[in-house]
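Trainee: This is the structure, below, for whatever I ask next.
The values are calculated or read from the model by the stated rules, or taken from the named source; none is laboratory data. Nothing here was measured: the structure is a model prediction, and the numbers come from that model. Please note: Cβ atoms are built from the backbone with ideal geometry, for glycine as well, and neighbour counts cover all protein chains shown. Quick note on the areas: whole protein, heavy atoms, side chains included, nothing else; ligands and nucleic acids left out. Shrake-Rupley method; radii C 1.70, N 1.55, O 1.52, S 1.80 Å.
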Amino acid sequence: MKNFYTNLGLLLLLIALSVAVILYKPINLGLDLKGGISMVIQPDISYAVEQEYQRLSRDIYQKLKEEGLKVLDVVAGKDHIKVELLEDGKLVEILEKHFPRFEVKRTEANTYFLTLKEQELVQLRESVIGQTVEVLRKRIDELGVVQPVITKIGQDRILVELPGILDIERAKSIIGRTALLELKLVVESGRKESLEAKLTPDLELLPSEDGSEWFLVEKVAVITGGDLKTAYTSQDEFGRPAVSFELTDSGANKFVEATEKNIGRRLAIVLDKRVISAPVIRSRITNMGQITGQFTVDEAKELAIVLRAGALPTKIDFLQESVIGPTLGRDAIEQGIKAGVLGYILLALILVLRYKTSGVTANLSIILNALMLWAGMVLLGATLTLPGIAGIILNMGIAVDSNVLIFERVKEELKLGNSPRKAIDLGYKRTLNAVFDTHITLLVAALILFQFGSGPVKGFATTLTLGTIASFISNVYFAKFFLEALYKLRIFKL
């Protein structure tokens with residue numbers, strides 16, 4: 001008797017908590033129900049490799065000079081670095097000590113070709129993909145998208161789904177912008193033709209934003225986007241939209257030192273290899289700065305977003321993009337609700353016809369199962385998708401299986417001459433192990449789908465996982481309680 005009322009209290013508490021959670025917060029709807037944008041993105045790995053060779057070539061040139069080698073040139077190509085020396089030296093020994101990532105091949109006297117080892121290229125690709133995913137996630141979080149999907153598919157592609165966002169051009173401009181910010185000291189500015197003759201390995205030539213002017217700047221940046229603490233929209237001295245930024249402590253120290261030593265020189269603000277502006281350093285600057293240009297208010301906001309989120313490690317290509325309207329979502333929800341209600345009614349009728357009053361308890365278990373499943377999805381912030389609705393409907397069918405096993409076993413005990421109370425006890429105990437194994441097997445399958453699936457598969461796996469847990473609680477733990485309640489009310493029939 002004590003256990004009966006304890007279980008009754010737990011049941012009422014579980015129902016109350018589930019209803020409270022469902023009423024407190026609406027469930028998140030997926031792309032296929034709410035509408036939004038779906039994109040498949042591919043980071044440009046070859047460009048990332050080329051940039052890595054560019055970066056390493058500068059480090060190698062500096063190290064060789066420090067070691068006293070007479071260097072003619074260090075030139076980075078798309079897939080190698082070419083090193084030319086005036087006379088042979090200890091190049092191989094220096095590279096093995098300081099740059100072990102390279103394979104070194106000598107082609108002719110005093111000329112060497114350096115290529116990254118195969119395992120280094122694999123690690124670089126994985127790093128680029130991982131960093132791209134993280135930067136995209138930060139940028140999309142800044143947009144305020146609820147429950148976006150950002151996941152790697154295949155070896156080098158990324159699936160991005162943005163529920164509730166329908167402006168695909170704005171989304172692409174924020175997601176796809178490299179946003180590589182660099183502040184570099186200007187050596188000279190003018191026409192491209194006149195500046196090209198003055199290029200050295202330590203300098204590079206960059207265009208202005210509109211291409212009307214060219215700047216010869218130092219390759220090594222004073223600070224980069226990695227030194228930013230935050231960025232936000234502001235106004236310049238003329239009231240036009242601008243982007244202000246604050247630096248980290250280490251970035252501020254570098255900025256102070258550089259501006260203090262270079263008062264009177266121009267400092268180029270470079271964004272994605274284009275000079276946005278090049279103001280003159282009038283005094284020592286500490287931890288704050290401002291990017292000015294011909295920005296609209298929306299452009300300034302978008303630039304602040306991508307700067308806060310960080311720069312993408314490489315260019316990205318949009319392989320596939322589609323906009324799904326919310327009308328499809330409403331239709332899908334209506335059809336899913338109709339299918340669920342119809343499925344439940346048919347199931348309820350079959351259970352009552354087959355198991356009489358005991359079939360009613362199975363129907364109560366299904367309702368409790370659906371209630372806990374819905375509350376669990378809300379509580380965990382899970383997203384309901386169209387395959388997820390299919391998972392819920394499928395779970396209704398699976399949920400009743402445990403009750404059927406218990407009912408059939410109780411029937412067998414009744415045929416053996418046991419009283420209804422004893423038949424319920426024995427039927428439940430002798431079925432429990434098989435039911436437990438069934439739920440564990442189903443849970444493992446659902447977790448595997450969730451781990452290795454993506455998009456729609458994850459939506460299906462989410463509802464199947466939560467539904468399996470809810471099924472075990474409602475259709476196994478409370479199964480005996482429901483049958484005992486019928487027995488106490490003297491309406492037990494099977």
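Trainee: Using the Cβ atoms and a cut-off under 13 Å, what net charge is assigned to the surroundings of Leu124, where Lys and Arg are +1 and Asp and Glu are -1?
Mentor: Residues near Leu124 contribute -4 overall.
Trainee: With the crude spin-label approximation of a point 7 Å out along Cα→Cβ, what separation in nm comes out for Leu199 versus Glu246?
Mentor: That separation, rounded to one decimal, is 4.0 nm.
Trainee: If Lys and Arg each add +1 and Asp and Glu each add -1, what is the summed charge of the other residues whose beta carbon sits under 14 Å from the beta carbon of Lys184?
Mentor: In short, 0.
Trainee: Just checking my list (i) 33.0, 106; (ii) 25.8, 84; (iii) 22.9, 76 against Rg and Dmax of the Cα atoms in Å computed from this structure; which label fits?
Mentor: Calculated Rg and Dmax of the Cα atoms in Å: the matching label is (i).
Trainee: Quick one: angle between helix 326-355 and the longest Cα principal axis of the chain, in degrees between 0 and 90, rounded to 10, please.
Mentor: Compared with the principal axis, the helix lies near 30 degrees.
Trainee: Another question, if that's okay. Angle check, please: helix 357-380 long axis (alpha carbons) against the longest principal axis of the chain (alpha carbons), in degrees 0 to 90, nearest 10.
Mentor: The angle comes out near 20 degrees.
Trainee: Let me know the volume per residue of the alpha-carbon convex hull for segment 254-317, in Å³.
Mentor: 121 Å³
Trainee: Once you list every other residue whose beta carbon is under 15 Å from the beta carbon of Asn363, what net charge do they have if Lys and Arg are +1 and Asp and Glu are -1?
Mentor: So the surrounding residues net to +2.
Trainee: Still on this structure, I have one more. Out of Pro100, Thr151, Tyr112, whose Cα points farthest toward the positive end of the dipole of segment 78-170 (charges: +1 Lys, Arg; -1 Asp, Glu; placed on Cβ)?
Mentor: It is Thr151, whose Cα lies furthest towards the positive end.
Trainee: Sticking with this one: Could you go through segment 102-116 in sequence order and give the Karplus-derived ³J(HN,Hα) for each residue, using 6.51 cos²θ - 1.76 cosθ + 1.60 with θ = phi - 60°, rounded to whole Hz, and x for Gly and Pro?
Mentor: Along segment 102-116, the couplings run 9, 9, 10, 10, 8, 9, 7, 4, 6, 10, 10, 10, 10, 10, 5 Hz.
Trainee: Right, something else. Loop only by DSSP, 11 or fewer other Cβ within 10 Å of the Cβ. Give me the GluC sites (Glu not before Pro) in segment 408-494 that pass, ordered by residue number.
Mentor: Of the GluC sites (Glu not before Pro), not one in the loops of segment 408-494 has a Cβ with at most 11 other Cβ atoms within 10 Å.
Trainee: Can you tell me the orientation of helix 2-24 relative to the chain, as the angle in degrees between its alpha-carbon axis and the longest Cα principal axis, to the nearest 10?
Mentor: 40 degrees
Trainee: Okay, helix-only estimate at 222 nm for the chain: each DSSP H run of n ≥ 4 adds -39500 (n - 2.57), divide by all residues, round to 500 deg cm²/dmol; what do you get?
Mentor: After summing the helix terms and dividing by the residues of the chain, the value is -18000 deg cm²/dmol.
Trainee: Here's something else I'd like to know. Once the piece of chain linking Ile15 and Phe113 is laid out straight, how much longer is it, given 0.36 nm per residue of separation minus the C-alpha distance between them?
Mentor: Result for the pair: 28.2 nm of gain on full extension.
Trainee: A further question follows. Residue-wise, which Karplus ³J(HN,Hα) couplings in Hz belong to segment 46-59, taking 6.51 cos²θ - 1.76 cosθ + 1.60, θ = phi - 60°, and x for glycine or proline?
Mentor: Taking θ as phi minus 60°, the curve returns 4, 5, 5, 5, 4, 5, 5, 5, 4, 5, 5, 5, 5, 5 Hz for segment 46-59.
Trainee: Based on Cβ point charges of +1 for Lys and Arg and -1 for Asp and Glu, what charge dipole magnitude is obtained for the chain about its Cα centre, in debye rounded to the nearest 20?
Mentor: Its charge dipole is roughly 2800 debye.
Trainee: What translational diffusion coefficient, to the nearest whole µm²/s, does segment 106-202 have by Stokes-Einstein, given a Kirkwood radius computed over alpha-carbon pairs, a temperature of 20 °C and 1.002 mPa s viscosity?
Mentor: Value of D from the Cα-based Kirkwood radius: 119 µm²/s.
Trainee: If you don't mind, there's one more thing I want to ask. Rank Leu346, Ser250, Ile175 by how far each Cα sits towards the positive end of the charge dipole of the chain (+1 on Lys, Arg Cβ; -1 on Asp, Glu Cβ) and give me just the farthest.
Mentor: Of the listed residues, the answer is Leu346.
Trainee: Could you work out what % of the accessible surface of the chain is carbon and sulfur, using a 1.4 angstrom probe and leaving DNA, RNA and ligands out of the count?
Mentor: 56 percent
Trainee: Normalized C-alpha radius of gyration of segment 46-156, against 2.2 N^0.38 Å?
Mentor: So the Cα radius of gyration is 1.40 times the expected 2.2 N^0.38 Å.
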